[in-house]
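The values are calculated or read from the model by the stated rules, or taken from the named source; none is laboratory data. Since we're looking at a predicted model, the values are computed, not measured. All Cβ positions, glycine included, derive from the backbone under ideal geometry; neighbour counts span all protein chains shown.
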Amino acid sequence: MRITEADKKFLKAEIEVLKAPELDSPPAQRLPEVIETVSKMLSEIEKNGIDAVRKYSRDLDKWDKDFELSAADLAKTGDKLSPELRKALEIGSERTKMFATETRKHLVDFELETTPGVVLGQKYIPIERVGAYLPAGNFPILSSAFMTVGVSKIAGVPMTMACTPPMSETGGNDAVLYSAYLSGVDRTFILGGVQALAAMTFGLLGEKPVDILVGAGNAYVAEAKRQLFGRVGIDLLAGPSEVAVIADETADARMVACDLLGQAEHGMQSPASLVTTSRELGLAVIEEVKRQLGELSTEYIAGPAWRDYGTVYLVKTPDEAIEVMDTLAPEHLEILTGDNDYYLKHLKNYGSLFIGEWSTVSYADKGTTGTNHVLPTGGGAKYTSGLSVGRFLKPVTYQTSTRESTMQVAPHNSAIAGFEGMSAHKATADLRIEMLNAGK
C-alpha cells in the first residue's frame, strides 16, 4: 500500500513524501516454498483422505485426538472465561448479527415486466454449506466467528462448520470457541491450517464438501484458499492488514499515531499510511509513532511494519488527499479532519470507513460495533467490497414469457442468432413463431 512511480503518472496531486517505506517490495509476496508446500499437502489429502489429515494434524499441530468438539462441550467454553471477556464477546456477537440482519432486509427479491407478457425476477438463495476458519495463533482474533459464522447464519445458511487449530493438549482457544458458539455454528472441529481447509473442501468431516471457505489465516491458509478457489468459493484473497488515515491540521498527532500503530501490530508486513494536508501534523505523527513504539509490548511487530511499509504523504488540498487515498484503496480508512463530511461524500475506494476522532478501526476489528472486518487488501477495494451477509446469498434470476409476448421477443432473438451463425439458438425462437402462427 504505497504510491508508486507508475501511480504518479496518472495522479494530478503533487505529493511530498515525508516518510517512505524502507522496503521497495509489496508486502503480500507469495513465497515459492509456501506455494509448493500447500500444493503438496492438498494433493496428498485429496488422494489419501482423512488419514492424511490426521497425519498432518499430528505432525504439525501435535493433535491426534477427536477432531470434532461436541455441542455440549462447545457451550461450556464460556464458563472458562472471565465475566468481563464473556460479556464483551456476547455484546460483539449480538451487534454483528444486528448489522447483518439489517443488511439482509435491504436485499430484496423483485419482479419486473420488461415488455407485456415477459416477467423477469431476482431472488436471493442462501449458500448451502459454509466452512469457516477461525485463527487462534499468537493473536487469536476472537471476533472472526462473528463476521463469518454469525453472518452466514443470518443469511440463512443451513450448515456452517468451523475449524480452529489446537492450542493446548485439551483443545482450541476457549474464547474463540465461545465466539463460535455465540455465532450459531453447526459443527466445530479442532483442526488447523491447510489440512482444515482441505478437509472441509473435500468432504472429509462427515459432511458434504463446503461450497465456500471464509476466514483469515496465515500465509499457508491464504495460499490454500487461493489454490482451492474454483473448486469452492472464497471470501477474499486477503493479504496483510492495512490502515490509512486522512488528517489535517485539526487532528491530534497522538491519536493519528496511535491508530496507525493499532493496525501495524497485526504483522510485520502490515502497512500503515497517513495522507495529510498539514506538514506540521505529518512530521509530528512521525515523531509520535517513534515515541509510542517504545511503550508497546508489540513493538517487535509494529516497529518493523512501520519502518518497512509505513508511509506519510503530504498533499496540498482535500481533493488531492482524496485522489491519493483512492489510489491506495486501503482496507481500513480513518478520517480525522475539520470537514469529515466532505471526505465521506467524495471518497470511493476503501474497505471500511471510520469517521471522526471517536471512531477507530479497532472497534470493528474486535466486533464491538458490528461491521465486518473481513475486507479487501492490496488495492482490492477498487473493485470489490468486504464480507457481508450478501456474500452468503446467491442472487439468481428467472423469467417467464407468455404466448402473447412471443412476437415482442422471438423475431429479435432470431435475427441476432442468425447473424451470429448459431442456428440452434435461432431455431428455438423460430419454432415458437411457427407454433404461434399455426394457432397452437
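Things worth noting here:
- Residue list for the stretch 31-57, restricted to those being surrounded by 12 or more Cβ atoms within 10 Å (Cβ to Cβ), free of Cβ contacts under 8 Å to residues at least 40 places away in the same chain and not acidic (D, E): S43, N48, R54, K55
- Helices (runs of 4 or more DSSP H) fully within the stretch 299-380 counting 2 or more residues that are within 25 Å of L18 (Cα to Cα): 299-309, 318-328, 340-346
- Matching residues in the stretch 228-258 - criterion: being within 20 Å of E36 (Cβ to Cβ) and surrounded by 19 or more Cβ atoms within 10 Å (Cβ to Cβ): L228, G239
- Checked against the criterion of being closer than 30 Å to S362 by Cα and free of Cβ contacts under 8 Å to residues at least 24 places away in the same chain, the stretch 202-216 has no qualifying residue.
- Restricting I15, I3 to residues that are modelled with pLDDT of 95 or more, under 30 Å from L328 (Cβ atoms) and surrounded by 13 or more Cβ atoms within 10 Å (Cβ to Cβ) narrows the list to I15.
- Remark: S270 falls outside the filter, which requires a residue to be under 27 Å from the mean Cα position of the chain (by Cα), surrounded by fewer than 23 Cβ atoms within 10 Å (Cβ to Cβ), under 22 Å from T371 (Cα atoms) and among the polar types (S, T, N, Q).
- Taken over the stretch 233-254, the criterion of being touching an Asp or Glu at 6+ places or on another chain (Cβ under 6 Å) and among the aliphatic types (A, V, I, L, M) is satisfied by V245, A253.
- Taking the stretch 327-351 as the range and being of a type outside the set (A, V, I, L, M, F, W, C), surrounded by fewer than 22 Cβ atoms within 10 Å (Cβ to Cβ) and over 16 Å from P271 (Cβ atoms) as the test, the residues that pass are G338, D339, N340, D341, Y342, Y343, K345, H346, K348.
- Residue check, A251 of a type in the set (A, V, I, L, M), over 22 Å from V315 (Cα atoms) and touching a Ser or Thr at 6+ places or on another chain (Cβ under 8 Å): no
- Close pairs (9 angstrom Cβ cut-off, 6 or more residues apart or separate chains): at positive phi in the stretch 97-119, small (G, A, S) anywhere: G117/S401; G117/S405
- The combined condition, being at pLDDT 95 or above, of a type in the set (A, V, I, L, M, F, W, C), crowded, with 16+ Cβ neighbours inside 10 Å and not assigned by TED's automatic domain parsing to the domain that holds D109, is fulfilled by V324.
- Residues in the stretch 381-440 that are in contact (Cβ under 8 Å) with a residue 40 or more places away in the chain, more than 29 Å from E111 (Cβ to Cβ) and in a loop (DSSP other than H, G, I, E, B): G386 alone.
- Any hit, the stretch 382-397, residues being buried (at least 17 other Cβ atoms within 10 Å of the Cβ) and β-branched (V, I, T): yes
- Across the stretch 273-283, the qualifying residues are those that are aliphatic (A, V, I, L, M) and touching an Asp or Glu at 6+ places or on another chain (Cβ under 9 Å), and the one among them that is surrounded by the most Cβ atoms within 10 Å (Cβ to Cβ) is V275.
- Pick from the stretch 398-439, criterion touching a Lys or Arg at 6+ places or on another chain (Cβ under 9 Å) and surrounded by fewer than 14 Cβ atoms within 10 Å (Cβ to Cβ), ranking: farthest from P116 (Cα to Cα): E420
- For the stretch 148-194, a residue qualifies if it is among the basic types (K, R) and more than 21 Å from A52 (Cβ to Cβ), and exactly one does: K153.
- In the stretch 49-95, the residues that are of a type in the set (K, R) and either outside any helix (DSSP H, G or I) or not assigned by TED's automatic domain parsing to the domain that holds S183 (or both): K62, K65
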